[in-house]
1. Could you list, in sequence order, the residues of region 1-50 that are buried (at least 20 other Cβ atoms within 10 Å of the Cβ), of a type in the set (A, V, I, L, M, F, W, C) and modelled with pLDDT of 50 or more?
2. Among (1) open to solvent by 30 Å² or more (accessible area, probe 1.4 Å); (2) part of a helix (DSSP H, G or I); (3) in contact with a Leu (Cβ under 9 Å, 6 or more places away or on another chain); (4) touching a residue at least 40 places away in the same chain (Cβ under 8 Å), there is one condition residue 82 misses while meeting the rest; what is its number?
3. Within region 68-77, is there a residue that is among the hydroxyl-bearing types (Ser, Thr, Tyr) and closer than 27 Å to residue 144 by Cα?
4. Does region 128-137 contain any residue that is within 25 Å of residue 24 (Cα to Cα), open to solvent by less than 70 Å² (accessible area, probe 1.4 Å), at pLDDT 95 or above and under 17 Å from the mean Cα position of the chain (by Cα)?
5. Of all residues in region 156-166 being closer than 18 Å to residue 77 by Cα and touching a Gly at 6+ places or on another chain (Cβ under 9 Å), which is surrounded by the most Cβ atoms within 10 Å (Cβ to Cβ)?
6. Within region 51-84, which residues are among the polar types (S, T, N, Q) and either at pLDDT 95 or above or over 20 Å from residue 29 (Cα atoms) (or both)?
7. Which one of these is open to solvent by 50 Å² or more (accessible area, probe 1.4 Å), assigned to a loop (DSSP other than H, G, I, E, B), over 23 Å from residue 50 (Cβ atoms) and of a type in the set (Asp, Glu): 115, 107?
Amino acid sequence: MDVDRFDQRVRRLRAPARARPAGSLTGGLADRLRRGCGRPRVRDTSGTDLDALTFAVTVERAAAGLSRRGTCPDDVVGVLAPVGPERLTAVYTVMALGGIALPLDLDSDLETIIDVLTAVDARMILVTAPLAGIARELADRSRVRQVVAFGEAPETTPFGELLMPSPDGSGYDPARGLFDNGILAYSADAGGVRTALHGHRELLRRLGEVTEALGLGPGDTVAVDSGMAEPERAVLAAAALWSGASVVTTAARGAEAVGRELAGFGVTVHGSPAPARVAG
């Protein structure tokens, strides 16, 4: 047996018992982390650093908050954010509710994004505070009626309000088997807008494939960046956390810039250009 195969076998033996998400990619993750599935963290090269349990609980509470505000399963919710923990939080929150996350391409022109939002009847955008002005303009020119911002931004709802307890004590279980959620990819040209749904079953199947192929375990640190397709990024980050591994994100672009940003984070698996173990 060669060294790489031996190392991978050891990682599998050390990894906690396999568990499957329920309802969405993060459904049940908080409970798993509470039981001691390693001590993974979710970090960003710009300085964000939080424990994975806090991250998973935030997703659950935010999904309940969206439900209280009238967002329903199958609703499409736009996500406008650079690659980072907030973008992951937004995508997972929408799916935890049973909704369809529509990550918006930061390189798209406003007219294209407006066409996409209108075509899919999106009524809400989750946005990072620095991009809130763009989100408000998008809302003014589409059917979007609410903009929820990470942090404080004028004319937006603070994301923190989603985390408040229910006034009447009622709860919402985001892990109740919402198998129609997913991530909506889009393209647009002179011929119109085209969308492709990456649904829960597809994402769950890919999560299993990635976990097995990479032999993910608590000793790993998994890097995701802007060079990855959104479904693959969401799957790889979720696979890491379910395996007890940490996640580090970077919004840098280009191999050299990404390499510089990730130096010193102890990355063992990189998602771009395809999920693979880092040599050495």
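1. Within region 1-50, 25, 29, 30, 33, 37, 42 meet the criteria.
2. Of the numbered conditions (1) open to solvent by 30 Å² or more (accessible area, probe 1.4 Å); (2) part of a helix (DSSP H, G or I); (3) in contact with a Leu (Cβ under 9 Å, 6 or more places away or on another chain); (4) touching a residue at least 40 places away in the same chain (Cβ under 8 Å), the odd one out for residue 82 is (2).
3. Step one: of region 68-77, the residues among the hydroxyl-bearing types (Ser, Thr, Tyr) are 71.
Subsequent filtering for residues that are closer than 27 Å to residue 144 by Cα retains 71.
Checked against the condition, which is being among the hydroxyl-bearing types (Ser, Thr, Tyr) and closer than 27 Å to residue 144 by Cα, region 68-77 yields at least one hit.
4. Yes, region 128-137 contains at least one residue that is within 25 Å of residue 24 (Cα to Cα), open to solvent by less than 70 Å² (accessible area, probe 1.4 Å), at pLDDT 95 or above and under 17 Å from the mean Cα position of the chain (by Cα).
5. As a first pass, look at region 156-166 and keep what is closer than 18 Å to residue 77 by Cα: 156-163.
Checking the rest, the ones that are also touching a Gly at 6+ places or on another chain (Cβ under 9 Å) come to 158-163.
Values: 158: 14, 159: 23, 160: 15, 161: 12, 162: 21, 163: 14.
This residue is 159.
6. Looking only at region 51-84, we keep the residues that are among the polar types (S, T, N, Q), and these are 54, 58, 67, 71.
Answer for region 51-84, where residues must be among the polar types (S, T, N, Q) and either at pLDDT 95 or above or over 20 Å from residue 29 (Cα atoms) (or both): 54, 58, 71.
7. Numbers: 115 fails: assigned to a loop (DSSP other than H, G, I, E, B).
107 is the lone residue from the list that is open to solvent by 50 Å² or more (accessible area, probe 1.4 Å), assigned to a loop (DSSP other than H, G, I, E, B), over 23 Å from residue 50 (Cβ atoms) and of a type in the set (Asp, Glu).
Residues checked against (1) within 22 Å of residue 78 (Cβ to Cβ); (2) in contact with a strand residue (DSSP E or B) (Cβ under 8 Å, 6 or more places away or on another chain); (3) assigned to a loop (DSSP other than H, G, I, E, B); (4) of a type in the set (S, T, N, Q):
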| site | (1), (2), (3), (4) |
| --- | --- |
| 184 | yes, yes, no, no |
| 187 | yes, yes, no, yes |
| 195 | yes, yes, no, yes |
| 201 | no, no, no, no |
| 206 | no, no, no, no |
| 209 | no, no, no, no |
| 217 | no, no, yes, no |
| 227 | yes, no, yes, no |
| 234 | yes, yes, no, no |
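The values are calculated or read from the model by the stated rules, or taken from the named source; none is laboratory data. From a predicted model like this one, the values you see are computed outputs, not experimental measurements. In this analysis, Cβ positions are derived from the backbone assuming ideal geometry, glycine residues included, and neighbour counts consider all displayed protein chains. For the accessible areas, the whole protein counts, side chains as well, though only heavy atoms, and no ligand, DNA or RNA atoms are used. Shrake-Rupley method; radii C 1.70, N 1.55, O 1.52, S 1.80 Å.
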